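Structure record follows, encoded as structure tokens.
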Amino acid sequence: MSKGERSWPDLRPLDGVRSIKIKLGLLVTATVTVAAMLVWFGLNNGVRTLYTLPAAIALSLVVTQLLARGMTSPLREMTAAARSMATGDYSRRVRATSHDEVGELAVAFNRMAEDLGSVDRQRRELVANVSHELRTPVTALRATLENLVDGVADPDPATLRTALAQTERLGTLVAQLLDLSRLEAGVVPLDATDLPVGAFLEEAVAAARLVDGAVDRSVRWEVDVDPETLAVRADPARLHQVVANLLDNAARHSPPGGQVRVSAGLAEASRPAAVVLEVSDEGPGIAPQDRERVFERFHRAGAAQSVTGGTGLGLAIARWAVELHGGTIQVVDSTIGCTMRVVLPATAAAGRTAGGARGTSAARLIRRTLPGTDDDL
């Protein structure tokens, strides 16, 4: 802004007008009226037109400058704010006091600036989180391999399990980043099929138990499915993403020797029929104010941020995959730990047997505790 522009006051007497066309009409009317009154005053007081006409023109220009400056002030502020955004400063906002199209543009500009600032913060957090998450397993894996090469450690099962765990951690991070790019693109194929829930959950828990054994958390796993023939219409790969993320979170937040329970059944009084999957742990739980935010990208709630690490992408990807199936995911109240609930559409066959299954749930309950726990069946 130049010195000449700063010398003019920023008056906005027309802010209450809701149309820029009406404002322009009022501006023209005001300048013409001022010029006409000055000329009329000169004629009635014996002042020659040679003097009154230039004075009327000058006064009209002053009135026009004052009114037009207030009308266009948001545009100049947007220009200055846009220049600041180009340098990475998203904190500047436009004074949006008018109710016309320019005022609406200023409001939209402020909203855009806030969104861009949020995206920039998320980008910085992503870089910091991913850098930290990559550095930790790479450092541990490098130290393990150096010990093996130098002969400091023997390639025994424990050492190899440690290297495998760090490799799995790297693979999980890369997979999450790839899923994030697919989420941003918004186009993901969904190959849905009728999936037996019992066998699927046992396979997912068996894989989670292998990872848990590699990092020696000693978590006890339990799977309950009711009825035995329960099936869901889903893409196995995408649903595995959801369950694997929930199992990993539950294991990481459970105390050593804690129990993670995975249950599945038909939703009560649901039309059409729906399958409810729940993953419960005995960890510190999630505060009510964080239960919705945990599904936001890069958000890590409470103790999870300082104790368990993570990029904050797992639950965001899980919600994305669940919504692709037309389902829902949420944190539900529990007396101890945390319970994550996923609701998905059931298969047609499951819907036909829903009534009978609910009536004999106790007789059909499958309780399987995987091998290696304290209460093997």
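If R₀ is 25 angstrom, what is the calculated FRET efficiency for the pair Ser218 and Asn147, using the beta carbon separation as r and rounding to 0.05? Before the final figure, lay out the partial values.
Numbers: r = 24 Å, r/R0 = 0.97.
About 0.55, to the nearest 0.05.
Which distance in nm do the two modelled labels at Asp191 and Asp120 give, with both placed 7 Å along the Cα-to-Cβ direction?
Calculated label separation equals 4.3 nm.
Skip the ligands, DNA and RNA, and give the accessible area per residue of the stretch 87-151 with a 1.4 Å probe, whole Å².
On the way: 4220 Å² over 65 residues.
Per residue, the stretch 87-151 has 65 Å² of solvent-accessible surface.
Measuring from centroid to centroid over Cα atoms, what is the spacing of the stretch 57-78 and the stretch 100-142 in Å?
If you average the Cα positions of each part, the centres end up 37 Å apart.
For Ser84 and Ser131 in one chain, what is 0.36 nm times their gap in residues minus the Cα-Cα distance, to one decimal in nm? If you can, show how the numbers build up before the last one.
Values: separation 47, 0.36 × 47 = 16.92 nm, distance 2.79 nm.
Contour length minus the Cα-Cα distance gives 14.1 nm.
Please sort 218-228, 108-118, 73-83, 148-158 by packing, taking for each peptide the average over its residues of neighbouring beta carbons within 10 angstrom, highest first.
Working: 218-228: 19.5, 108-118: 14.4, 73-83: 16.0, 148-158: 10.4.
For the peptides 218-228, 108-118, 73-83, 148-158, the packing ranking is 218-228, 73-83, 108-118, 148-158.
Per 0.36 nm of contour for each residue apart, how much would the distance between Ala287 and Ser91 grow if the chain were fully extended, relative to their Cα-Cα spacing?
Numbers: separation 196, 0.36 × 196 = 70.56 nm, distance 3.04 nm.
67.5 nm is the gain from fully extending Ala287 to Ser91.
Note down the nm distance, to one decimal, between modelled labels 7 Å out along Cα→Cβ at Asp156 and at Met37.
9.9 nm
Pulled fully out, how much extra length does the chain show between Leu26 and Asn45, if you take 0.36 nm times their separation in residues and subtract their Cα-Cα distance? Write out the running numbers ahead of the final one.
Numbers: separation 19, 0.36 × 19 = 6.84 nm, distance 2.82 nm.
The span from Leu26 to Asn45 would gain 4.0 nm if fully extended.
Given points 7 Å out from each Cα along the Cα-Cβ axis, report the Glu268 to Gln65 separation in nanometres with one decimal.
Here the answer is 7.7 nm between the modelled labels.
The values are calculated or read from the model by the stated rules, or taken from the named source; none is laboratory data. All values derive from a computational prediction rather than experimental measurement. Note that we place each Cβ from the backbone using ideal geometry, even for glycine, and neighbour counts take in every protein chain shown. SASA here: full protein model, heavy atoms, side chains in, ligands and nucleic acids out. Shrake-Rupley method; radii C 1.70, N 1.55, O 1.52, S 1.80 Å.
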